[in-house]
Amino acid sequence: MLALEINNLNKTYEHFQLKNVSFQLEKGYIMGFIGANGAGKTTTIKSILNLVRMDSGEIQILGKNMAEHEIELKQEIGSAFGDINFYTRSKIKTLTNVIKRFYTHWDDEVYNKYLKKFNLIEDKKIAELSTGMRVKYSLALALSHGAKLLILDEPTSGLDPVARDQLLDIFQELVQDGEISILFSTHITSDLEKCADYITYIHDGQIINSAEKETFIDTYRLLQGKNEDLDKVKQALIAYKTTSFGFTGLIHTKDFDPALDIKASIPNLEEIMIYCSKKESVYV
Amino acid sequence: MYNLLIKELRLGVHPFFYLMPFLTGALMLIPGWLYFLVILYFCFLTIPNMFAGYKTQNDLIFSSMLPVTKKDIVKARIYVIVLLELLHLVVAMIYGAISVRFFPELVYYFFKPTFGFWGLCFVMIAIFNLIFISMYYKTAYKYGAATFASIAGAMLFATGAEWLSIENAAIYEFFKGAGSDQLANHLFVFMAGIVIFALFTIIAYYIAIKRFQKVEAQ
């Protein structure tokens, strides 16, 4: 079953456009949504949550159309924005007491369990929490109302490596039973290498690739060769960089001829991201 | 809807604004003052401060993420505004009744706190609501221009009413002269004011819903 299915999402702003964004997330998995700053991650997430109105396209969550079942589905979704905070001068206790009223499946026991697990103190104000603790509080809220799909915008941005690692461990724990699915956006590629099952890469409002992590990485090869060999592969390369020692470039695996005497290695996500975005500037 | 109302009352409105009517209402005890101002303080202070709070606390995104309809978000907010307005008016009316007992022989230059005057206050607030609520929901976070225009509208009405009551002998007589003791006539103006208040606020609500449907939570 699909936890999330986005088909041909389009949204046009004066200076930016989401173009035919489509991807799917299987239930019980973690999808990392990567892209540079301003690539369209937040706009896509806001469109999923119907915070911005899409121009066209269709969003299905847990098998139901979001446009038709928004209120019902919002009971099943937990969301957090890493960089937006609400009612920061209120105590956790006050905020929770207001929020829990909205959710029919709210469970106080589960809430208290997560408060303890995340070391959250109810009498603290939101402003007194660290960035990591705020994300954990959002997670505690989402999990206490039985959210089946977590949509998190940059939850790891601004966290120190220890807090980030802890959070990624929590993500993995949550999906273990196969009931909860997580879509989280980030521009920190090492987060994805650690915990994502699927990767969707967005660049300049368009989905470049969306696939299982290994398949995603396997789609590309990183070539390193001498400058005189560059001409042999130049046309097929997505993008490349040259130095006095030679060139390094990214190529689709299917376009690479292993018979050539050029060293090919499996790139990491950061290299894929860098070269794919470089491609754009080459055309410009 | 009820949950949203609780959210507004517990998170959105600072407790100080529930006490404000008791402070501003006390201004009714100033003999012969320009009593429209007592109610206008709600427009001058409570509204911009409350809406600045909503803006800085990112209430638009917060509310939009909750499992509620956009219509209910608007409805709850308008209920809260109306609730505070009624609180201001009722408290001022009580202080007004005390003021009249304190100074029975006073000659009023501006309006005397009669039921007729409170009817006019309802009309003034009705104008305020119609302009403020409908303008605010174009963006659901920018409150500056809406506050300015709605206060201007309310003040124009108040100034016009005060001017007429000074210039026109019949109106003077009705509100400040012998007519001010004719309870039935004054209750009629009072009721008419309430009807206009309800009508304008309901119109504002429908305009707001229509505009808010197009608003994006940025």
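Quickly run through region A:216-239 and pick out the residues that are open to solvent by 70 Å² or more (accessible area, probe 1.4 Å) and either in contact (Cβ under 8 Å) with a residue 40 or more places away in the chain or of a type outside the set (D, E) (or both).
So the first thing to find is which residues in region A:216-239 are open to solvent by 70 Å² or more (accessible area, probe 1.4 Å), and the list is A:218, A:224, A:226, A:228, A:231-232, A:234-235.
Once the filter is applied, which keeps residues that are open to solvent by 70 Å² or more (accessible area, probe 1.4 Å) and either in contact (Cβ under 8 Å) with a residue 40 or more places away in the chain or of a type outside the set (D, E) (or both), region A:216-239 yields A:D218, A:Q224, A:K226, A:K232, A:K234, A:Q235.
The rows are residues; the columns are (1) open to solvent by 60 Å² or more (accessible area, probe 1.4 Å); (2) part of a helix (DSSP H, G or I); (3) without any contact (Cβ under 8 Å) to a residue 24 or more places away in the chain.
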| residue | (1), (2), (3) |
| --- | --- |
| B:G179 | no, yes, yes |
| B:F197 | no, yes, no |
| B:I202 | yes, yes, yes |
| B:A208 | no, yes, no |
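Answer yes or no as to whether A:V162 is β-branched (V, I, T), more than 24 Å from A:T43 (Cα to Cα) and open to solvent by 60 Å² or more (accessible area, probe 1.4 Å). Considered against the rule, which asks whether it is β-branched (V, I, T), more than 24 Å from A:T43 (Cα to Cα) and open to solvent by 60 Å² or more (accessible area, probe 1.4 Å), A:V162 comes out as yes.
Residue under question is B:I151, and the condition is that it be part of a helix (DSSP H, G or I), β-branched (V, I, T) and touching a Leu at 6+ places or on another chain (Cβ under 8 Å); does it hold?
On the way: part of a helix (DSSP H, G or I): yes; β-branched (V, I, T): yes; touching a Leu at 6+ places or on another chain (Cβ under 8 Å): yes.
Yes: the conditions hold for B:I151.
Note on region A:204-284: enclosed helices (runs of 4 or more DSSP H) holding 3 or more residues that are closer than 23 Å to A:G32 by Cβ are A:213-218, A:269-283. In region B:123-136, the qualifying residues are those that are open to solvent by less than 10 Å² (accessible area, probe 1.4 Å) and either modelled with pLDDT under 95 or not small (G, A, S) (or both), and the one that is farthest from B:G32 (Cα to Cα) is B:Y136.
For region A:91-103, does any single residue satisfy the condition of being within 8 Å of chain B (Cβ to nearest Cβ), free of Cβ contacts under 8 Å to residues at least 60 places away in the same chain, part of a helix (DSSP H, G or I) and of a type in the set (S, T, N, Q)?
Yes: region A:91-103 contains one or more residues that are within 8 Å of chain B (Cβ to nearest Cβ), free of Cβ contacts under 8 Å to residues at least 60 places away in the same chain, part of a helix (DSSP H, G or I) and of a type in the set (S, T, N, Q).
Looking only at region A:157-167, count every residue that is touching a residue at least 12 places away in the same chain (Cβ under 8 Å) and more than 15 Å from A:R134 (Cα to Cα) and tell me the total. Result for region A:157-167: 1.
With the requirement that a residue be among the polar types (S, T, N, Q), surrounded by 18 or more Cβ atoms within 10 Å (Cβ to Cβ) and touching a Phe, Trp or Tyr at 6+ places or on another chain (Cβ under 9 Å), what does region A:89-114 give you? Reasoning before the result, please.
Taking region A:89-114 first, the residues among the polar types (S, T, N, Q) are A:90, A:94, A:96-97, A:104, A:112.
Within this subset, residues satisfying the condition of being surrounded by 18 or more Cβ atoms within 10 Å (Cβ to Cβ) are A:90, A:96.
Residue satisfying the conditions is A:T96 alone.
Just give me the residues in region A:222-241 being farther than 13 Å from A:Y275 by Cα and of a type in the set (F, W, Y), in sequence order. Residues satisfying the conditions do not exist here. Meeting the requirement of 2 or more residues that are at the interface with chain B (Cβ under 10 Å from one of its Cβ atoms) and open to solvent by 10 Å² or more (accessible area, probe 1.4 Å), the strands (runs of 3 or more DSSP E) wholly within region A:20-88 are A:77-81.
The values are calculated or read from the model by the stated rules, or taken from the named source; none is laboratory data. The structure displayed is predicted, hence computed values, not measured ones. As a convention, Cβ positions derive from the backbone with ideal geometry for all residues, glycine included, and neighbour counts pool all protein chains shown. Side chains included, ligands, DNA and RNA excluded: accessible areas come from the protein's heavy atoms. Shrake-Rupley method; radii C 1.70, N 1.55, O 1.52, S 1.80 Å.
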